[in-house]
Amino acid sequence: MKISVLGAGVVGLTTAWWLTEAGHEIVLIDGAGRPAAGASGANGAQLSYRYVAPMASPKMLRQLPGLLLPGEDAIKVSLDTELIGWGLRFLKACTGAEVARTTAAQLALAELSRAELERLLGKVPLDFGLRTAGKLVIFRKAADFVAATPDADDPAVALTPRQCLELEPNLALDVSEFAGGLYTSSEQVGDCGSFCEQLFAKLKESNRVDMRMDTAIGRPVVRNRRMTAIETDRGVIEADQFVLSLGSGARAFAKSCGFNLPIYPVKGHSITVPDEGKPPLTHSVTDYSRKIVYAPLPGATRIAGFADFQGYDTTPVPSRIAQLKAAAADTFDIDTLGDVAASDVAPWAGLRPMTPDSRPVIGPSPLEGLFLNTGQGMLGWTLACGSARLTADLIDGKPPSCPVAPFDVARFS
Ligand SMILES: Cc1cc2nc3c(=O)[nH]c(=O)nc-3n(C[C@H](O)[C@H](O)[C@H](O)COP(=O)(O)OP(=O)(O)OC[C@H]3O[C@@H](n4cnc5c(N)ncnc54)[C@H](O)[C@@H]3O)c2cc1C
């Protein structure tokens, strides 16, 4: 089958790979001149297979009124009309039952992702700093630490502040400054942007993918209620099937197809700080209270965080970058101003394509001929390979490799 994959972020690229592997002919279309130009560029680098915490939760519901006030909180919200409709669905998802449903669905998809990434790397070695670094989540507030107590089937172990410091000696916190941590030794890190560039190169080498970069996507062409082609600024492209993986651009495209896809762009920031000599940390560390992650990558530390509901602007905001630098200094003694020249610290921002219930949308769309694989939100890097596998399974009519019902777009109708 000739399949056109819309979007060359990590979700579109992995989708293209898995569909090529299944024997399909692919046309990959993206408006940017390079892969991973959107949210997949310099994200938090966490392959967070066990820590999938959905954003919509009863706790978030209690915090919401405070988030609407101005300040330098980890989450910022500016209401707009798109966000109001999305927000109402988000509120509905803030129940214990929905959190349990989402967590179970994400854990199954994450497990599939891990296995599929391993399988991919067995076939095509890619070098993007993949490492089983282990993930330490630190909690500054005792109540948060208690609430996060792992279940019996959770491989995470609870650590005292002293044990956290023994595990990660460069953590520049006093034992009195935090309540404890959760450590999961099996979690991985890897540079998503570098993975995307290399997978893109492999797809190109395969000669089975027609790459249409620098090509802005317009409207679908629909004949007899089936999508048969797509309008672009470089002409009309026909295919037997289309896969929508446009990240935060997916909502607008779905609208032009006549259906609603509640995906809101949740902006995050990162800095990448070159190591000076010895790397400052050996594990991946998440500061739960500040919503900041620290990832050891080859020759650099990636520091990422925040969730700003403020529209589609992707420009890094100086105050957010300053917050990341300050956090790096007081949590790990990472000096981004002195010895490391400010110009070596790479500031970046991206838009997480977020659904109200934090679950991706994977499955057929209301428009025949258009398949959906998008909305991976906070976990797009973690879930990409599993989502691609599910997409290939479903398009080929094979039994899906993990439960797909939780990802059906019909849940929003
Ligand atoms: C600060 C931050 C930290 C993060 N940390 C992590 C993490 O640690 N672990 C994790 O698992 N996930 C993380 N994420 C989430 C993850 O990065 C995203 O979920 C993932 O990158 C989404 O991939 P995507 O391919 O769906 O979207 P994108 O990467 O945004 O790709 C969409 C593509 O579509 C193209 N496009 C859009 N509209 C059009 C159009 N009209 N015409 C043509 N092309 C178009 C864009 O150019 C882009 O290339 C983080 C995100 C951010 C912002």
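A few points about this structure:
- Amide proton proximity set for Val27, modelled H, under 5 Å, gap of 5+: Ile3, Ser4, Val5, Asp210
- Checking the cross-link pairs Lys123/Lys278; Lys59/Lys291; Lys59/Lys325 against a 23 Å limit on the alpha carbon distance flags Lys123/Lys278; Lys59/Lys325 as lying beyond it.
- Gaussian network model of the chain, springs between alpha carbon atoms under 10 Å - residue of Asn43, Asn170, Asn373 with greatest fluctuation: Asn170
- Qualifying trypsin sites (Lys or Arg not before Pro) in region 139-235, DSSP loop, other Cβ atoms within 10 Å at most 14: Lys141, Arg225, Arg234
- Rounded, prolate or oblate (a/c below 1.5 giving rounded, otherwise prolate when a/b exceeds b/c) for region 88-194 by Cα gyration tensor: oblate
- Region 356-413 and region 317-334 have Cα centres spaced 36 Å apart.
- Net charge of neighbours whose Cβ lies under 10 Å from the Cβ of Lys2, counting Lys and Arg as +1 and Asp and Glu as -1: -4
- Gaussian network model of the chain, springs between alpha carbon atoms under 10 Å - residue of Leu109, Leu203, Leu68 with greatest fluctuation: Leu68
- Going from the fewest other Cβ atoms within 10 Å to the most, the residues Phe412, Phe128 appear in the order Phe412, Phe128.
- Fewest neighbouring Cβ atoms within 10 Å first, the residues Leu112, Leu383, Leu107, Leu61 line up as Leu61, Leu107, Leu112, Leu383.
- By the rule of a C-alpha distance below 12 Å, with chain neighbours fewer than 8 residues away ignored, the aspartates and glutamates paired with Lys92 are Asp357.
- Principal-axis tilt of helix 192-205 within the chain, Cα atoms, nearest 10 degrees: 30 degrees
- The overall shape of the chain is prolate: from the C-alpha gyration tensor, with semi-axes ordered a ≥ b ≥ c, the ratio a/c is 1.5 or greater and a/b exceeds b/c.
- Proximal aspartates and glutamates relative to Lys398, as straight alpha-carbon distance under 15 Å, when same-chain residues fewer than 8 apart are discounted: Glu21
- Likely footprinting exposure, Ser319, Ser270, Ser284, fewest C-beta neighbours within 10 Å first: Ser319, Ser270, Ser284
- Proximal charge balance of Leu379 [Cβ under 11 Å; K/R count +1, D/E count -1]: +2
- Inter-label distance for Ala22 and Tyr312, nm, one decimal - labels placed 7 Å from Cα along Cα-to-Cβ: 2.9 nm
- Gaussian network model of the chain, Cα within-10 Å springs - most flexible of Ile321, Ile362, Ile303: Ile321
- Between 0 and 90 degrees, the angle of helix 96-123 with respect to the longest Cα principal axis of the chain falls at about 80 degrees.
- Taking GluC sites (Glu not before Pro) as exposed when their DSSP state is a loop state and no more than 14 other Cβ atoms lie within 10 Å, the longest site-free interval of the chain runs over 73-275.
Bear in mind that the values in this text are calculations on the coordinates, not laboratory data. Please read all numbers here as calculations on a predicted model, not as lab measurements. Don't worry about glycine lacking a Cβ; one is built from the backbone with ideal geometry, like all the others, and counts go over all protein chains shown.
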